[in-house]
Amino acid sequence: MNANLCILVTNDDGINSDGLKRLAQAAKSHGEVWVVAPDSQRSASSHSINLHDTIEVKEILSFSVSGVRAYSCSGSPADCVRVAIHAVMDKKPDVVISGINYGYNAGTDIQYSGTLGAALEGAFQGIHAIAFSESADPCHETADNYLADMLAEALNVKLGYGQVVNINFPHGPLSECKGVLRDRSISRGMFFSDTYKKISDKDNGTSEYMVDGKWTAIGEEGSDIKAIMDGYVSVGIVSNIQ
């Protein structure tokens, strides 16, 4: 792709997330950047959209990345992409980039991901789509080191309809990263195996439960989870079109 692209950046962690700002900054070198992102945390919202309530969109004039038009949206990450394309932006974007998510999106966890939900919405709209995620860790050395190169590479990956380039940066400092593994399959595993624990019983017969996850990150050879756990940047293709 050329360097004069119209780029939509979104996420599921919200308009104020650090990962979104770092991604918007990196995207600027490839063209005109618009940001339309949730007004607050929307993790695990998957590909949900709002059909029955109004969606509020507000321009953020104080957005910290200069030269970027930014808007907060009351809807889901997929809503952000839809509203951006069909109402907010003055032209259809060439690329939709979602992230950088605070926490991995790999294996079976992908089906719950609002980050991937937004990227897949872009893909379903016939737009080149990319998703970025990293460890839920304050150390961003690996992502920041590889982001520019991986973004440039992902922009030139040939994708079929409904496909997304999915990139995960591994945990830990840059010195521990072993490089990049491409063409990773989607693991059948997950990072956390969830159960639910009871929090309380109320007098009216209602019981309250809270998700209770146990770390179970074991991935098959050649998979995204295996690459991440072995200290590599994982690159693969995600598609909901069978």
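Observations on the structure shown:
- Scanning the range 153-166 for residues that are within 15 Å of M1 (Cβ to Cβ) and not basic (K, R), we see that the one that is surrounded by the most Cβ atoms within 10 Å (Cβ to Cβ) is V165.
- Restricting attention to the range 5-17 and to residues that are of a type outside the set (V, I, T) and within 21 Å of D79 (Cα to Cα), the residue that is farthest from the chain's Cα centre (by Cα) turns out to be C6.
- E56 being in contact (Cβ under 8 Å) with a residue 60 or more places away in the chain and over 11 Å from the mean Cα position of the chain (by Cα): no
- Only one of G219, G205, G213, G160 that is more than 20 Å from Y104 (Cβ to Cβ) and at pLDDT below 90: G205
- Identity of the residue in the range 137-152, part of a helix (DSSP H, G or I) and not hydrophobic (A, V, I, L, M, F, W, C), that ends up surrounded by the most Cβ atoms within 10 Å (Cβ to Cβ): T142
- The range 2-51, subset among the hydroxyl-bearing types (S, T, Y) and assigned to a loop (DSSP other than H, G, I, E, B), residue farthest from P138 (Cα to Cα): S48
- Total residues in the range 94-120 satisfying the condition of being touching a Cys at 6+ places or on another chain (Cβ under 8 Å) and under 18 Å from P38 (Cα atoms): the figure is 1.
- Sole exception among (1) under 17 Å from G31 (Cβ atoms); (2) in contact (Cβ under 8 Å) with a residue 12 or more places away in the chain for E121, by number: (1)
- Identification of strands (runs of 3 or more DSSP E) wholly contained in the range 181-242 with 1 or more residues that are buried (at least 17 other Cβ atoms within 10 Å of the Cβ) yields 232-239.
- Listed by first and then second residue, the pairs with beta-carbon distance under 7 Å, at least 6 apart or on different chains, first residue in the range 138-153 and over 18 Å from A24 (Cβ atoms) and touching a residue at least 40 places away in the same chain (Cβ under 8 Å), second of a type in the set (A, V, I, L, M) and part of a helix (DSSP H, G or I), are T142/L174.
The values are calculated or read from the model by the stated rules, or taken from the named source; none is laboratory data. Everything numeric in this text was worked out from a predicted model, so none of it was measured. Backbone-built Cβ (ideal geometry, glycine too); neighbour counts: all protein chains shown.
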